[in-house]
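Here the structure comes first, spelled out in structure tokens, and everything after it is commentary.
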Amino acid sequence: MACNKFVTLSNDEKMPIIGIGTWQASDEEIETAIDSALEAGYRHIDTAPVYGNEQAIGRVLKRWLDAGKIKREELYIVTKLPPISNRPHEVEPTIKKSLADLQLDYVDMYLIHTPFTICINPDGSFKMDEEGLMEVDKSTNLAATWLEMEKLVAQGLTKSIGVSNFSKEQVERLLKNCKIPPANNQVEHHVYLQQRDLIDFCQANNVVVTAYSPLGSKGIAKFNAQAGLKRDLPDLMDIPEVKDIAVAHGKTPAQVLIRWIIDTGVVAIPKSTNAARLKQNLDVFDFQLSADEVAKLCALDKNIRICDFAFFHGVERHPEFTFKNQYTN
Ligand code: A2P
């Protein structure tokens, strides 16, 4: 059965409260995973050009749509303006490239992937300076980029627009400077990085929050290692309190982590390429966390940011970069 729990956005569009995250999955893995996800009832798919899998996702969607197994309006597709294209004149051509890759006429949500902009060489590789640090484009003008995002809605290329990895201050700045308010802010959110301030602010201003890395993004370890970063990341599914609550309900730690997120009206996009785990991550509506359990989970906050973009060496020099490496180990 399709996920039938939705959040309503400020423009009255409805977004399924659970979607499938697709970062760090190969083309082959993702084709199988999207097939399994659609079979399991997922309708919300979160992708981005940076993940390199829009074409693979597009192939699966086309198969399902052509076979009449699903209607376009039943799907909720999110993609993003990448950090290398975060400039006003790149907005329209970039969404058009994503739409061509996804084989769609429109997406449901288009997000500015990061508030910062990074530079590339003509061959597409990242531009590095003599110190081996990534060159950043400090001329980023979020209000000007947003103006172009708004035009995409009028053109019918996306139903809604939003942001990702934006701080409270950055969201606030856009809200003061827009015709169409951002409908969504997609940020890292889980028991160890709760970001209550940011979430409360967004929700008070009708900006739906989507939680990425809801399960702690174990797969990021490989990515960090490739970038030469050594980091012992916590395993959220191994936290004793989470495990105890899971046992008490006959559910898994992943299901507890997801339920805790969506119970506050935050959308969760757990990533999995495994058919059984995909199913499990959607099967979270047959139990209820007690107030005491919610309090225990809320008390776990440690301000540990797992996806701090440290793998983009030098990006912290961008004026719109607001994360610090808060990882304390
Ligand atoms: P896999 O794709 O092999 O299932 P996040 O969504 O926080 O980025 O976390 C994704 C990571 O968690 C992936 O490594 C994924 O592995 C794993 N994962 C996803 N769902 C579950 C689950 N239900 N139980 C255990 N691990 C899971």
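The values are calculated or read from the model by the stated rules, or taken from the named source; none is laboratory data. Treat the numbers as computed from the prediction; the structure is a model and nothing was measured. Note: ideal-geometry Cβ built from the backbone for every residue, glycine included; neighbour counts use all protein chains shown.
So the values come out like this:
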read-out	value
Pair list, Cβ < 6 Å and 6+ apart or interchain, from the range 19-48 residues that are free of Cβ contacts under 8 Å to residues at least 40 places away in the same chain to residues that are hydrophobic (A, V, I, L, M, F, W, C) and within 13 Å of the ligand (Cβ to nearest atom)	I45/I20
Which numbered condition K138 misses (of (1) under 22 Å from C307 (Cβ atoms); (2) touching a Pro at 6+ places or on another chain (Cβ under 9 Å))	(1)
Subset of the range 2-27 [touching a helix residue (DSSP H, G or I) at 6+ places or on another chain (Cβ under 8 Å) and more than 13 Å from L75 (Cα to Cα)]	K5, T22, W23, Q24, A25, D27
Exclusive hit being assigned to a loop (DSSP other than H, G, I, E, B) and modelled with pLDDT of 95 or more, set L61, L65, L111, L104	L104
Hey, D244 more than 14 Å from the ligand (Cβ to nearest atom) and under 22 Å from V78 (Cα atoms) or not	no
Identity of the residue in the range 175-206, over 14 Å from the mean Cα position of the chain (by Cα) and crowded, with 24+ Cβ neighbours inside 10 Å, that ends up farthest from the ligand (Cβ to nearest atom)	P182
Of all residues making up the range 207-222, the number that are within 6 Å of the ligand (Cβ to nearest atom) and buried (at least 22 other Cβ atoms within 10 Å of the Cβ)	4
Residues located in the range 7-31, provided they are aliphatic (A, V, I, L, M) and within 14 Å of the ligand (Cβ to nearest atom)	I18, I20, A25, I30
Qualifying residue in the range 28-36 (condition: farther than 24 Å from K222 by Cβ, at pLDDT 95 or above and part of a helix (DSSP H, G or I))	no
So K80, is it among the basic types (K, R), touching a Leu at 6+ places or on another chain (Cβ under 8 Å) and assigned to a loop (DSSP other than H, G, I, E, B)	no
One residue from L257, L282, L297 being away from the ligand (no atom under 11 Å from the Cβ) and surrounded by 16 or more Cβ atoms within 10 Å (Cβ to Cβ)	L297
Condition check for K80: more than 14 Å from the ligand (Cβ to nearest atom), surrounded by 20 or more Cβ atoms within 10 Å (Cβ to Cβ) and of a type in the set (D, E, K, R)	yes
Enumeration of residues in the range 229-258 that are in contact (Cβ under 8 Å) with a residue 60 or more places away in the chain and either over 15 Å from L193 (Cβ atoms) or aliphatic (A, V, I, L, M) (or both)	L229, D232, L233, I239, L257, I258
Inter-residue pairs, beta-carbon under 6 Å, first in contact (Cβ under 8 Å) with a residue 40 or more places away in the chain and surrounded by 13 or more Cβ atoms within 10 Å (Cβ to Cβ) and in the range 139-155, second of a type in the set (S, T, N, Q) and not in a loop (DSSP other than H, G, I, E, B), 6+ apart	L152/T158
Qualifying positions in the range 191-201 - out of contact with any Phe, Trp or Tyr (no Cβ under 9 Å at 6 or more places or on another chain) and touching a residue at least 12 places away in the same chain (Cβ under 8 Å)	Y192, L193, Q194, R196, D197, I199, F201
Residue in the range 15-38 that is surrounded by fewer than 16 Cβ atoms within 10 Å (Cβ to Cβ) and under 27 Å from T264 (Cα atoms) present	no
Members of the range 167-180 that are in contact (Cβ under 8 Å) with a residue 60 or more places away in the chain, under 13 Å from A143 (Cβ atoms) and part of a loop (DSSP other than H, G, I, E, B)	I180
